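The values are calculated or read from the model by the stated rules, or taken from the named source; none is laboratory data. These numbers were taken from a predicted model, which means no experiment stands behind them. Cβ placement follows ideal geometry from the backbone for every residue including glycine, while neighbour counts extend to all protein chains displayed. Surface areas here come from the heavy atoms of the whole protein model, side chains and all, with no ligands, DNA or RNA. Shrake-Rupley method; radii C 1.70, N 1.55, O 1.52, S 1.80 Å.
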Amino acid sequence: MLTPRQNMLEVIKNGNPDRFVKQYEAVKIFMTHPYFKEFPLNPAKPGDPMVQTGWGWYNAWPAGTPGGFPVHDAEHLLCPDVAEWEKYVKAPDLKKYTEEDWAETIAEFNAVDRDEYLVAPMVAPGLFEMTHYVLGMEEAMMAFYEEPEAMQDMINYFADWMMEMAADFVKYLKPTAVFHHDDLGTQKSTFINPEMFREFFLEPYQRLYGFYHDNGVEVVIHHNDSYSAPLVPTMIEMGIDVWQGAMSVNDLPKLVKEYGDKITFMGGIDNGKVDRADWTMADIERETDQLCRDCGKVGFIPCTTHGLNFAHFPGVYEAVDAEIDKMSKEMF
């Protein structure tokens, strides 16, 4: 029997897996950089007071919602004018963290059996998300048209900072994977069209993900739980190995058939359909079984579309695991 790591690599490489990869079973993910320990991305739980990140924007997690999001009212908006972004947007200092600051994270990584698992730092938010985190969603969408040069300069500034973080990961942790968040659309559409996305984001992401691949990272996993099928060719060029969060609205069987030899689709089990207070095993069976049959054994990992290895309602994640086990027995 293959180890979880071996089995996932067989799926990605269109080899000979001996079972379905069961969601995140093959990847140990850590929010690892000392920066994230000093500046948590979100409040600890829904309803807690908002937090300010190292970049300066504020994130809130209102009670009754599935996750945190930036606060963009007049009092808390970080950058009111993208044309003057350099006046408002200042990258946090990563050089201040010493090897002693890294000690806890190094110990976490060293405790993982790398024959059994891929080990990955998590990075969030991504380059696209950062544009609307600092500007607000409406202003960011308009700025791609009205201030393209300023937007590109700001995106490159974000990418330079992420490159610095990536260099820290390589130096201290030697990861075998990276788990990078960047939501690129809604459930119906991408936020910007594929041509515009390529114009602004292809080169910065090629630079970032190329650095990871050149420095021992075997698998770049990019979380994006949205409709993004038109962006798949660009995702491949960016250097993404696994698109995690690929929702069912993307017609995954078609995408796996067309692109599954170049990128692996991880998802298809939408949290909005199964991760609910009133969930049943019938719901999970409905969303999982035919998906596995249609997508097949390689280029596809059945998984909830949520961007980490848990669900919001008790028992859901474990029930999805059990259903995937059932499908492995049927198909392998």
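Of the numbered conditions (1) in a helix (DSSP H, G or I); (2) surrounded by fewer than 16 Cβ atoms within 10 Å (Cβ to Cβ), Phe201 fails exactly one; give the number of that condition.
(2) is the only condition that Phe201 fails.
Only residues that are closer than 24 Å to Met31 by Cα, touching a helix residue (DSSP H, G or I) at 6+ places or on another chain (Cβ under 8 Å) and open to solvent by less than 40 Å² (accessible area, probe 1.4 Å): list them for region 138-162, please.
If the condition is that a residue be closer than 24 Å to Met31 by Cα, touching a helix residue (DSSP H, G or I) at 6+ places or on another chain (Cβ under 8 Å) and open to solvent by less than 40 Å² (accessible area, probe 1.4 Å), then Ile155, Phe158, Ala159, Met162 are the ones that fit.
I want to confirm something. Restricting to region 74-99 and keeping residues that are under 19 Å from Glu164 (Cβ atoms) and assigned to a helix (DSSP H, G or I), which single residue is modelled with the lowest pLDDT? Outline the logic, then answer.
At the first step, the residues of region 74-99 found to be under 19 Å from Glu164 (Cβ atoms) are 85-86, 89-99.
Adding the requirement that they be assigned to a helix (DSSP H, G or I) leaves 85-86, 99.
Numbers: Trp85: 98, Glu86: 98, Glu99: 93.
So the residue we want is Glu99.
Can you name the residue in region 15-66 that is polar (S, T, N, Q) and open to solvent by less than 20 Å² (accessible area, probe 1.4 Å) and is also modelled with the lowest pLDDT among such residues?
Taking region 15-66 and keeping what is polar (S, T, N, Q), we get 16, 23, 32, 42, 52-53, 59, 65.
Still in the list and also open to solvent by less than 20 Å² (accessible area, probe 1.4 Å): 23, 32, 53, 59.
Working: Gln23: 98, Thr32: 84, Thr53: 95, Asn59: 96.
By that ranking, first place goes to Thr32.
Which residues, counting only those in region 100-120, are among the acidic types (Asp, Glu) and either in contact with a strand residue (DSSP E or B) (Cβ under 6 Å, 6 or more places away or on another chain) or part of a loop (DSSP other than H, G, I, E, B) (or both)?
In the first step, residues of region 100-120 are kept if they are among the acidic types (Asp, Glu); the result is 100-101, 104, 108, 113, 115-116.
Passing the criteria: Glu108, Asp113, Asp115, Glu116.
Check Met154, Met163 and return the single one that is modelled with pLDDT of 95 or more, in a helix (DSSP H, G or I) and farther than 21 Å from Glu237 by Cα.
Values: Met163 fails: farther than 21 Å from Glu237 by Cα.
After ruling out the rest, the residue left standing is Met154.
Go through region 174-195 and give me each residue that's in contact with a helix residue (DSSP H, G or I) (Cβ under 6 Å, 6 or more places away or on another chain) and in a helix (DSSP H, G or I).
The one that is in contact with a helix residue (DSSP H, G or I) (Cβ under 6 Å, 6 or more places away or on another chain) and in a helix (DSSP H, G or I): Pro194.
Suppose we filter region 304-322 for residues that are over 9 Å from Ile269 (Cβ atoms), touching an Asp or Glu at 6+ places or on another chain (Cβ under 7 Å) and modelled with pLDDT of 95 or more; how many remain?
Final tally of qualifying residues: 1.
So, in region 163-198, of the ones that are touching a residue at least 40 places away in the same chain (Cβ under 8 Å) and charged (D, E, K, R), which residue ends up least open to solvent (accessible area, probe 1.4 Å)?
Asp182
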